[in-house]
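To start, the structure itself, in structure tokens.
The values are calculated or read from the model by the stated rules, or taken from the named source; none is laboratory data. Small disclaimer: the values here were computed from a predicted structure and weren't measured. No Cβ is skipped: glycine too gets one built from the backbone with ideal geometry, and neighbour counts run over all protein chains shown.
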Amino acid sequence: MDALPLSRQAATLALVLAFSALSGCAPEASTPTTAASSDAPYRDVSLPAGERVEDLLSRMDLADKIGQMTQAERADVTNETVTTLRLGSVLSGGGSSPVPNTPQAWADMYDAFQTAAAHTPLGIPILYGIDAVHGNNALDGATVFPHNIGLGATRDPELVRKIGQATAEEVAAIGIDWTFSPCLCVVRDDRWGRSYESFGEDPALVASMATIITGYQGDTLGGSPTSILATAKHFIADGGTSGGTDQGDAVLSDAELRATYLPPYRAAVEAGVASVMVSFSSVNGEKVHGSPALLTDLLKGELGFDGIVVSDWNGIDQIDGVAGFDQAEVARAVNAGIDMVMVPTAYATFIADLTAAVEAGDVPMDRIDDAVRRILTKKFELGLFESPLTDRSLFATVGSDEHRALAREAVAKSQVMLTNNGGLPIAASSRVLVTGSGSDDLGNQAGGWTITWQGSSGDTIEGTTILEATEDAFAAADAGGTVTARPQMTADSVAEIAGEIDVAIAVVGERPYAEFKGDRPDGVRLTGADVTTLEALRDAGVPTVVVVISGRPIDLGGAERWASAVVAAWLPGSEGAGVTDVLLGTVDPTGTLPVSWPATADQEPINVGDGQVPLFAFGAGLVGPLG
Ligand code: GLC
């Protein structure tokens, strides 16, 4: 993030506040001032949204309009500033949560922002956005679903729609109206740190998962109290950059761009997605944030997208390649087709710059009005004017048994059995060793975008680890089996217990990361501790089921040649029991690879149909009853 020097921000805020006061619109902070609000047509819920938009737009001055196009980070804005600057939106960036992180505190925060918005001259509610990308993953106690890469392995669009609906319930429960999900990226190089946010490498597979949009929004936006705005992101070709570099450059022909990266957005628009987020990356050297050809001609023109185009976090700063943004960049971003600008901290400067650009004639008022119409339309459709505050009766949905059962089903369906040389199913009468970095770690099994932006190892969420699930299953079966737990193994520790176990479950893989922090230009490999564990079990001849907790294919160090079985578990989230359901044969494996699994890192990028021979092919997976 590159915030502006405080001096410029402070000066600009003073300027904007003065502008606001001079324009005679400075609202009384004490009571809601909704000029002409009681009987104004825009307040009439019986009118079509289009008519309400036009009436409201006709009452707005430039400060109202530009405020609506401005999205600020919750941690960097006050309720008073929401009122004074007439902001259209507030967001929680990754991990930006109130303290305490409880549904009550979230709802109190949200309601305070909405009350502040009600104190603006026209009383236009805000939209509050959050990255609920695998459940409402910022909220303590929420159900944490598998990340998209695992959902792609299920090849079950209806299941994914249900997950969207359950997530929307847990998001709406704390008032929030907008999720920056789904990521409809098509991952073409697994070295990319955002691979796990993709449903897979195949455009048709990714497009089929656009059903999650209907899950989030409902059949019609605002059709229920738990309907929230979905966001198709990141437009476009974020998963196609050279070397898998996050925010890098995708060098593509127009035909490749259309064949590989456009189909998911066509599906999203057909599903009625309410917003599209712009990619940080470039296409053929041009930053997408500054591209009218991509944002206006292709997305809004050819695809007919009529919702909100929102920039990414300080994304407009990158257009000219220089840190921070200036008036020219602001004008270029808005003229390119961005409607809502995510300026987490420098929102006052943005407002001043865009105001100056409009007054200089660099941004036509038609473009401003188009952006504001798009934003207001979604606010009316969502019913925000009628019901701006949190419906706290929905608190009961957070982490509910029903949602956790759905998550467990999704985890089981996402398991991909890559090999099985007699290792599966594991009998509950066995003497089992459960070991490895992912065996008893909820943070590792949840991955990034969990409580914090990057996620972290450890006991970070409510849920069940794979070890706990194995212990629970053995206890329930009461078949005489035993479970021994060790975080990792060495040759010595294996020697100590080799005679007391029948089979080992070695849960190995990645630790949490997000975005560019997950880029692995030299390939994706196991950590030293996991390699030591696997080698010790191999060398001792212990029958071993290898379970891989990762956001993408990972170099198994040859385990596929000696292990009794290898299962790709992806990033399953809070419900580890879905993994053991398959390992113990309670649920038959049905998952198949959503990406090609390379034999070596130097095969990357490797994708179906490119002529290379992967270790495991796109679509591979042993399915059906075990044993
Ligand atoms: C991040 C991500 C984007 C996310 C946004 C808001 O940088 O690129 O996916 O929605 O910022 O957190």
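Worth a mention:
- Residue list for the range 261-279, filter: in contact with a Gly (Cβ under 9 Å, 6 or more places away or on another chain) and crowded, with 22+ Cβ neighbours inside 10 Å: Y261, V273, A274, S275, V276, M277, V278, S279
- Number of residues in the range 266-304 that are within 21 Å of the chain's Cα centre (by Cα), farther than 27 Å from S242 by Cβ and more than 16 Å from the ligand (Cβ to nearest atom) equals 4.
- Taking the range 305-322 as the range and being more than 16 Å from the ligand (Cβ to nearest atom) and either surrounded by fewer than 24 Cβ atoms within 10 Å (Cβ to Cβ) or under 14 Å from Q71 (Cβ atoms) (or both) as the test, the residues that pass are D306, D320, G321, V322.
- When the test is whether a residue is farther than 20 Å from D111 by Cβ, under 15 Å from the mean Cα position of the chain (by Cα) and away from the ligand (no atom under 16 Å from the Cβ), I163 passes it.
- Entirely in the range 68-160, the helices (runs of 4 or more DSSP H) that have 3 or more residues that are away from the ligand (no atom under 16 Å from the Cβ) and touching a Gly at 6+ places or on another chain (Cβ under 9 Å): 103-118, 148-154
- Among the residues of this structure, T345 does not count as one that is part of a helix (DSSP H, G or I), surrounded by 18 or more Cβ atoms within 10 Å (Cβ to Cβ) and not aromatic (F, W, Y).
- Look at (1) within 12 Å of the chain's Cα centre (by Cα); (2) among the hydrophobic types (A, V, I, L, M, F, W, C); (3) in a helix (DSSP H, G or I) and you find that A232 fails only one, number (3).
- Pair list, Cβ under 6 Å, 6 or more apart: the range 83-107 residue assigned by TED's automatic domain parsing to the domain that holds A172 and within 22 Å of P512 (Cα to Cα), other residue away from the ligand (no atom under 16 Å from the Cβ) and assigned to a loop (DSSP other than H, G, I, E, B): N101/D140
- Flag if T220 is in the same structural domain as V309 (by TED's automatic domain parsing), outside any loop (DSSP other than H, G, I, E, B) and among the polar types (S, T, N, Q): no
- Hits in the range 318-355 (condition: within 22 Å of the chain's Cα centre (by Cα), under 22 Å from D246 (Cα atoms) and not hydrophobic (A, V, I, L, M, F, W, C)): Q318, P344
- Selection status of S574, assigned by TED's automatic domain parsing to the domain that holds T419, polar (S, T, N, Q) and buried (at least 24 other Cβ atoms within 10 Å of the Cβ): yes
- Enumeration of residues in the range 324-349 that are more than 16 Å from the ligand (Cβ to nearest atom) and of a type in the set (A, V, I, L, M): A328, V330, A331, V334, A336, A348
- Scanning the range 589-614 for residues that are polar (S, T, N, Q) and more than 15 Å from G152 (Cβ to Cβ) yields T600, Q603, Q612.
- I213 vs. criteria closer than 19 Å to T377 by Cβ, among the hydrophobic types (A, V, I, L, M, F, W, C), within 14 Å of the chain's Cα centre (by Cα) and assigned by TED's automatic domain parsing to the domain that holds G315: yes
- So L205, is it of a type outside the set (V, I, T), at pLDDT 95 or above and under 19 Å from E256 (Cα atoms): yes
- Long-range neighbours under 7 Å by Cβ, at least six apart or interchain, first residue assigned by TED's automatic domain parsing to the domain that holds G239 within the range 251-264, second surrounded by fewer than 16 Cβ atoms within 10 Å (Cβ to Cβ) and of a type in the set (A, V, I, L, M, F, W, C): P263/A204
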